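Peer 1: Below you will find the structure I want to go over with you.
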Amino acid sequence: MSTLLKTFLAFHVILGVAGAIAYAGVWMNLLKQKLPVRFLQWASAIGFFSFLISWVIGGYYYAIYYGKAVKPIIIKGQYPWGHSFFMEAKEHVFLFLPFLAAVMFVTLLIAGNRIETEAPLKRALIWLAGIIVVLGIIMALSGVIISGAVR
Amino acid sequence: MELSNIRFTIIRATTYAAAFAVAFITGITITADLYLPLKDWLKLTFSHHWVGKGMLAIVLFVGISAILLLFPAPKDEVKTKALARSTWILVIVSLMGTISIIAFFIYEAFLKH
Amino acid sequence: MSWQILLTFSHIIGTVLGVGGATFAEFFYMKALKDGHVDPEEGDFLKATYRMLRIGMVLLILSGFGFFVLYRINGRAELLYDPRFLAKVTLTAIIFFNALLLQTKKMPLWLGSALSFTSWYGALVLGAWRGIDASYLAIIAWYAGAVLGVAFVLHIIRKLYLKPIPPASP
């Protein structure tokens, strides 16, 4: 693996995890009675852009290197399901995240001050934040399983 | 103070567009694995099937957002309730999409052969 | 300074803040409840403690995934299936979801504080105990037993420390 690809892989992982952490902050703080709107806006912005960059650089690694250099090792190894299930599911479910994050970011940016007093909208956004976090965790853990199968 | 029309329209447009994008990703993921000519077309057009799915999802998201921006809020609609509704639709579509993709690849990886 | 050393520092600092934060959170909360309610000043101490706990958690998770990347890049992928590593990841997930459930008051305090305490100290023990020779399920079984044990001990401590407040004299 070239230095560029190692760097891309590292940043894909760290930024993906950072995005999940940022949205964990959004989720926890949306549950409060009094909403820290500025924090929510910043956290969702950090989360959204982290996911975006993670998508692009992870996608580069995946399209250019993974298919020809890593996938064959996993398929032939002890844990072929590392690719046939975990990677296949991960690479497609991951595509949801930037769109979900975009909605959360736009909503908090534009209507952040309104959410505290609008219980139905707040409840829906709590669920949306929860899905983003849970999907982020699933992505991260899937990545661990996939990488662990490369031997 | 009620949310302004333009703010409401932007949020609603992006939310429904995201729901469409998520549904599209789910649909094309399963379809392309079952109907290989589609996967081949994606690979031929975009150099990689996964890149193609992502790019088409982005185009769909931007396109649908733009179209929905042309439809302002009805005057009598309670805007925050409408946004709650669109967010719930996105939540449900995302959950169904995730379950569908996971179930599909469980079938492909463990049950098919 | 190598990445390994930087990640180790960050991981240790995260653990210190997290374990220390969990310990002091329990201590301050019990102290605050001694008179039956949490004063604003006591509330501020608790908020500061929880903030340190969260910072510790963030450092721990980021450095933990940094280790994951390091193992992957250096061809040590087998470490990612190590039972100790997987158990630490599990405990970290429990810490997060436990905090969420406590915040939404869907977790009873006796269980939530035991889970928090045991998970943080459990992660510390797993990190320090290099030679541990146990399967993932065995580690989790021990952890579950430890949670119940800690819950019992905390219950006894609360019973002894939080004596009932006598009724006000007429």
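What follows is calculated from the coordinates using simple rules that are stated; it is not laboratory data. All values derive from a computational prediction rather than experimental measurement. Cβ sites come from the backbone with ideal geometry, for glycine too, and all protein chains shown count toward neighbours.
Peer 1: Pairwise over distinct Cα atoms, reciprocal of the mean inverse distance: report the Kirkwood radius of chain C in Å, one decimal place.
Peer 2: Working: mean 1/r = 0.0572 Å⁻¹.
After inverting the pairwise mean of 1/r, the radius is 17.5 Å.
Peer 1: For peptide B:32-43, how many partner chain Cβ atoms fall within 10 Å of a residue's Cβ, on average? Mind dumping the intermediate values first?
Peer 2: Numbers: counts 1, 2, 0, 0, 0, 0, 0, 0, 0, 0, 0, 0.
If you average over the peptide's residues, the count of other-chain Cβ atoms is 0.
Peer 1: Separate question: What percent of all Cα-Cα pairs in the range B:27-73 falls in each 5 Å bin, counting up from 0?
Peer 2: Histogram of Cα-Cα distances, whole percents per bin: 5, 22, 23, 18, 11, 9, 7, 4, 1.
Peer 1: What's the Cα-based Rg to Rh of the range C:18-65, Rh via Kirkwood? Numbers along the way, then the final one.
Peer 2: Values: Rg = 12.5 Å, Rh = 11.2 Å.
Radius of gyration over Kirkwood radius for the range C:18-65 works out to 1.11.
Peer 1: Expressed as a whole percent, how much of the Cα-Cα distance distribution for the range A:69-151 exceeds 20 Å? It would help to have the intermediate numbers written out before the result.
Peer 2: Numbers: 1617 of 3403 pairs.
Roughly 48 percent, once rounded to a whole number.
Peer 1: Assuming 0.36 nm per residue, please report the length gained on full extension of the stretch A:Ile73 to A:Leu31 beyond their Cα-Cα distance.
Peer 2: Numbers: separation 42, 0.36 × 42 = 15.12 nm, distance 4.41 nm.
10.7 nm is the gain from fully extending A:Ile73 to A:Leu31.
Peer 1: Given the convex hull over the Cα atoms of chain A, what projected area results after averaging over all orientations, in nm²? Don't skip to the answer; put the middle values down first.
Peer 2: Values: hull surface 34.8 nm².
Approximately 8.7 nm², given one-decimal rounding.
Peer 1: Another question, if that's okay. Can you give me the pair-distance distribution of the protein assembly as shown, C-alpha pairs, 10 Å bins, whole percents?
Peer 2: In order of increasing distance, the bins hold 4, 19, 27, 25, 16, 6, 2, 0, 0 percent.
Peer 1: Would you calculate, for chain C, the mean residue ellipticity at 222 nm contributed by helices, counting each DSSP H stretch of 4 or more residues as -39,500 (n - 2.57) and dividing by all residues, to the nearest 500?
Peer 2: Details: 5 runs with 132 residues, N = 170.
Calculated mean residue ellipticity at 222 nm is -27500 deg cm²/dmol.
Peer 1: Additional query: Ratio of alpha-carbon Rg to the 2.2 N^0.38 Å globular estimate for the range A:6-71, to two decimals, please. Numbers along the way, then the final one.
Peer 2: On the way: Rg = 15.1 Å, N = 66, 2.2 N^0.38 = 10.8 Å.
Normalised Cα radius of gyration, the range A:6-71: 1.39.
Peer 1: With θ set to phi - 60° and the Karplus curve 6.51 cos²θ - 1.76 cosθ + 1.60, what are the ³J(HN,Hα) couplings of the range C:126-141 in order, to the nearest whole Hz, using x for Gly and Pro?
Peer 2: After applying 6.51 cos²θ - 1.76 cosθ + 1.60, I find 5, x, 7, 8, 5, x, 4, 10, 8, 6, 4, 5, 5, 4, 5, 5 Hz.
Peer 1: Return the whole-Å distance between the Cα centroid of the range B:50-113 and the Cα centroid of the range C:30-83.
Peer 2: Cα centroid of the range B:50-113 versus Cα centroid of the range C:30-83: 34 Å apart.
Peer 1: Follow-up. Which of the aspartates and glutamates could a cross-linker span from B:Lys53 if the Cα-Cα distance has to be under 18 Å and same-chain partners fewer than 8 positions apart are dropped?
Peer 2: Partners within reach: A:Glu88, A:Glu91, B:Asp33, B:Asp40.
Peer 1: Moving to a separate point now. Starting from the range A:26-84, pick out the trypsin sites (Lys or Arg not before Pro) whose DSSP state is loop and whose Cβ has at most 16 other Cβ atoms within 10 Å.
Peer 2: Working: sites: A:Lys32, A:Lys34, A:Arg38, A:Lys68, A:Lys76; in loops: A:Lys32, A:Lys34.
The qualifying sites are A:Lys32, A:Lys34.
Peer 1: Tell me the Kirkwood hydrodynamic radius of chain B in angstroms, computed as one over the mean inverse distance between distinct C-alpha pairs.
Peer 2: Values: mean 1/r = 0.0635 Å⁻¹.
One decimal place: 15.7 Å for the Kirkwood radius.
Peer 1: Excluding same-chain residues fewer than 8 positions from C:Lys31, which aspartates and glutamates have a Cα within less than 20 Å of its Cα?
Peer 2: Reachable aspartates and glutamates: C:Asp39, C:Glu41, C:Glu42, C:Asp44.
Peer 1: Counting only helical runs of four or more DSSP H residues, what would the 222 nm mean residue ellipticity of chain B come to if each run contributes -39,500 (n - 2.57) and the total is spread over all its residues? Intermediate results must be reported in sequence, preceding the final value.
Peer 2: On the way: 4 runs with 90 residues, N = 113.
One gets -28000 deg cm²/dmol as the mean residue ellipticity at 222 nm.
Peer 1: Moving to a separate point now. Dividing the convex hull volume of the Cα atoms of the range C:1-42 by its residue count, what figure in Å³ per residue is obtained? Write out the running numbers ahead of the final one.
Peer 2: Working: hull volume 2.4 nm³, N = 42.
Dividing the Cα hull volume of the range C:1-42 by its residues yields 58 Å³.
Peer 1: Still on this model: For the Cα atoms of chain B, what angle does the longest principal axis make with the long axis of helix B:5-34, in degrees from 0 to 90, nearest 10?
Peer 2: That works out to roughly 10 degrees.
Peer 1: Okay, next question. Report the number of Lys pairs in chain A whose alpha-carbons are under 20 Å apart, with separation of 8 or more residues or on distinct chains.
Peer 2: 9
Peer 1: Let me ask another. For B:Val78 paired with A:Arg123, estimate the spin-label separation in nm (one decimal), with each label point 7 Å from Cα along the Cα-to-Cβ line.
Peer 2: Inter-label distance under the simple model: 1.2 nm.
Peer 1: Fewest to most neighbouring Cβ within 10 Å: what's the order for A:Tyr62, B:Tyr35, C:Tyr50? Walk me through the numbers on the way to the answer.
Peer 2: Numbers: A:Tyr62 22, B:Tyr35 11, C:Tyr50 17.
With the fewest neighbours first, A:Tyr62, B:Tyr35, C:Tyr50 line up as B:Tyr35, C:Tyr50, A:Tyr62.
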